[in-house]
Amino acid sequence: MSTLEKTETKPEQNTTTATQLSGSQAVLEALIHEGVETIFGYPGGAIMPIYDALYDYNDRLKHILVRHEQGGVHAAQGYARTSGRVGVAFATSGPGATNLVTGLADAMIDSNPIVCITGQVFASLLGTDAFQETDVINITTPVTKWNYQITDASEIPGALAKAFHIASTGRPGPVLIDITKNAQLQLFDYQGYNKCDHIRSYRPKPIVRKEYIEQAAELINAAKKPFVIFGQGIILGKAEQDFKNFIEKGGFPAATTVMGLSALETDHPQHVGMLGMHGNYAPNVMTNECDVLIAIGMRFDDRVTGRLDKYAKQAKVIHLDIDPAEIDKNVKATIPVWGDCKETLPLLTELIQSNDHREWLAQFRELEAEEIKEVIHPELNPTSDILTMGEVVRLLNELTNGDAVIVSDVGQHQMVACRYAKFNQSKSNVTSGGLGTMGFGLPAAIGAWYGAPHRDVIAIIGDGGIQMTIQELGTIMQFGAKVKILILNNEFLGMVRQWQQLFHDKRYSFVNITSPDFVAVAKGYYIEGNKVSEREKLKDALRTMLEHDGAYLLEVMVGKENNVFPMVAQGTSVSEIRLK
């Protein structure tokens, strides 16, 4: 969608009298009408008129000054993930805009609804290599759901209405609107703001075909070993209860992707764990044992499937997804069920027979017992003096009762957090799934707190990832986000080191990382902190972190060469998952 097409809208209010507004004022009016309360951003020359207008909107729009534009876009992602609303980020032209690209790519692959607004040089200077000019539209086309450049102020209300509609509907994703400086300054006859609810060429929800629902139900009812795998689509579709109704009526074992975590409470009796490269033993192995595989709101990425030519070849596959492009992309579906799972799941639930499949579920529990003995118990209850990441998460579960928002960065600590953190409510797991962006954790946690300020937000980060965006401690210092920062420090780039150990003969090439005194750094930002390396002090240290009224940084020294298992090695089948 490279051009602004005519939209059909329902007026939010009657606006018959035109008012003279600047383009910058029109931007802020659009945000207010879209219900935006919080903006994450960083000013600069090309977006200065919008910031000048923002000076008069301080009572209606909260702006959080991040310390780097990448921090702004990750914060917008975190906000979107915990609030269920559209996150918003501002950046200037040139390097400001290009610093958004990583976050846009992350949001694109993880389906995060965000709108980024960038300033641009005057329209008369486009294409002249003017100071801080970059072609942000062509740069961001592959990593946005839609982008558009505005050169005339009169386009602003319609373009932003369309931006919020596209970002938040269907399969959500990032949208970027680039506004030239002349358009920000230009006065025009403002006719009011109309939210967009329809675009002629845009179909966010495919038509639900009931014949496919009926075929899927028939296949499920005949299954002896049905297995449900679910992803973030359940959360994005606000279909958590519909999903629970479905699996409970059918008696299906259900396993989650990394992004699907918290869609179903961890302790649900039919929850059999996490899929994927570092997922649980039973769901990975049983993927190649089931007779009907029911995939809901997930995209069969390579971390879940392992070797595609050995993935679930014995099974009939039913794939429910809102994005038709995902069906048959990696795994051929026997029956495709297009549509929003909020609509399709109740229809399917109505047609399936009540069952418990207790013998089939018991097979998962037998394999789970093996994993508990070989991997989970030693990780959560180690006998050596060396602290493990797993025992830190276990104690965190005890203290939070599974009610906290867990924001993880990328690496070994991420996989440990995803494997062992308990979730009692939806929108509790915030992580970078598809792109695996180191540096995501800290700024995303800031955004997550603004999206859910009534909840404990705990950022679990490695000693490598924290140093990529550590400057966002300044954002916490200035604006008071009550984020708890838990650094699991193994003095390595742990995941890369694990691969070098297992697959490159322990040739540890540039994975040793020297870190600063993180507690001293935090105190430099007026954030309280502590460091612990002894088991007998760990629980009290975690309790102090959680009870502190404000941001807090706790560094925990963990084993340097501990590995995350189970593991499906790249290029192998999920049934070849290794416990050690």
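The values are calculated or read from the model by the stated rules, or taken from the named source; none is laboratory data. None of the values given here were measured: they were computed from a predicted structure. Here Cβ is always computed from backbone atoms with ideal geometry, including for glycine, and neighbour counts include all displayed protein chains. Just so you know, the surface numbers come from the protein's heavy atoms only, side chains and all, with ligands and any DNA or RNA stripped out. Shrake-Rupley method; radii C 1.70, N 1.55, O 1.52, S 1.80 Å.
Please specify each residue of the stretch 434-477 satisfying the condition of being among the small types (Gly, Ala, Ser) and either in a helix (DSSP H, G or I) or touching a Cys at 6+ places or on another chain (Cβ under 9 Å) (or both). Before the answer, list the steps.
Looking only at the stretch 434-477, we keep the residues that are among the small types (Gly, Ala, Ser), and these are 434, 436, 439, 441, 444-445, 447-448, 451-452, 459, 462, 464-465, 474.
GLY441, ALA444, ALA445, GLY447, ALA448, GLY451, GLY465, GLY474, listed by residue number.
Report yes if LYS329 is touching a strand residue (DSSP E or B) at 6+ places or on another chain (Cβ under 7 Å), basic (Lys, Arg) and either without any contact (Cβ under 8 Å) to a residue 60 or more places away in the chain or surrounded by fewer than 20 Cβ atoms within 10 Å (Cβ to Cβ) (or both), otherwise no. So that I can check it myself, show each step before the final result.
Values: touching a strand residue (DSSP E or B) at 6+ places or on another chain (Cβ under 7 Å): no; basic (Lys, Arg): yes; either without any contact (Cβ under 8 Å) to a residue 60 or more places away in the chain or surrounded by fewer than 20 Cβ atoms within 10 Å (Cβ to Cβ) (or both): yes.
So LYS329 fails the test.
Please go through the stretch 530-546 and pick out each residue that is among the acidic types (Asp, Glu) and in a helix (DSSP H, G or I).
Once the filter is applied, which keeps residues that are among the acidic types (Asp, Glu) and in a helix (DSSP H, G or I), the stretch 530-546 yields GLU536, ASP540.
Give the number of residues within the stretch 263-315 that are crowded, with 24+ Cβ neighbours inside 10 Å and acidic (Asp, Glu).
0
Counting only residues that are open to solvent by 10 Å² or more (accessible area, probe 1.4 Å) and under 14 Å from TYR79 (Cα atoms), how many does the stretch 457-474 have?
The number of residues fulfilling the criteria is 0.
Taking the stretch 200-218 as the region of interest, how many residues are in contact with an Asp or Glu (Cβ under 6 Å, 6 or more places away or on another chain) and among the hydrophobic types (A, V, I, L, M, F, W, C)?
Final tally of qualifying residues: 1.
Are there any pairs with C-beta distances below 9 angstrom linking a residue in the stretch 134-145 that is part of a helix (DSSP H, G or I) to a residue that is open to solvent by 40 Å² or more (accessible area, probe 1.4 Å) and modelled with pLDDT under 95, with the two at least 6 apart or on different chains, and if so which?
ILE137/SER2; THR141/SER2
Say whether the condition of being in contact with a Gly (Cβ under 8 Å, 6 or more places away or on another chain), hydrophobic (A, V, I, L, M, F, W, C) and closer than 25 Å to ALA26 by Cβ is met by at least one residue in the stretch 56-63.
Taking the stretch 56-63 as the starting set, the residues that turn out to be in contact with a Gly (Cβ under 8 Å, 6 or more places away or on another chain) are 63.
When the remaining residues are screened for being hydrophobic (A, V, I, L, M, F, W, C), the result is none.
Looking through the stretch 56-63, none of the residues is in contact with a Gly (Cβ under 8 Å, 6 or more places away or on another chain), hydrophobic (A, V, I, L, M, F, W, C) and closer than 25 Å to ALA26 by Cβ.
Out of the residues in the stretch 547-580 meeting the condition of being assigned to a helix (DSSP H, G or I) and not aliphatic (A, V, I, L, M), tell me which one is nearest to ARG455 (Cα to Cα). Full working, then the answer.
Just the residues of the stretch 547-580 that are assigned to a helix (DSSP H, G or I), to begin with: 547, 574-576.
Applying the additional criterion that residues be not aliphatic (A, V, I, L, M) yields 547, 575-576.
Values: GLU547: 13, SER575: 38, GLU576: 39 Å.
Per the stated criteria, the residue is GLU547.
Within the stretch 266-289, how many residues are under 15 Å from ASN330 (Cβ atoms) and outside any loop (DSSP other than H, G, I, E, B)?
1
Looking only at helices (runs of 4 or more DSSP H) that lie completely in the stretch 165-261, which have at least 2 residues being open to solvent by less than 10 Å² (accessible area, probe 1.4 Å) and in contact (Cβ under 8 Å) with a residue 60 or more places away in the chain? Break it down into steps so the answer makes sense when it comes.
Working: elements: 181-185, 210-222, 233-236, 240-250.
By residue number, 181-185, 210-222, 240-250.
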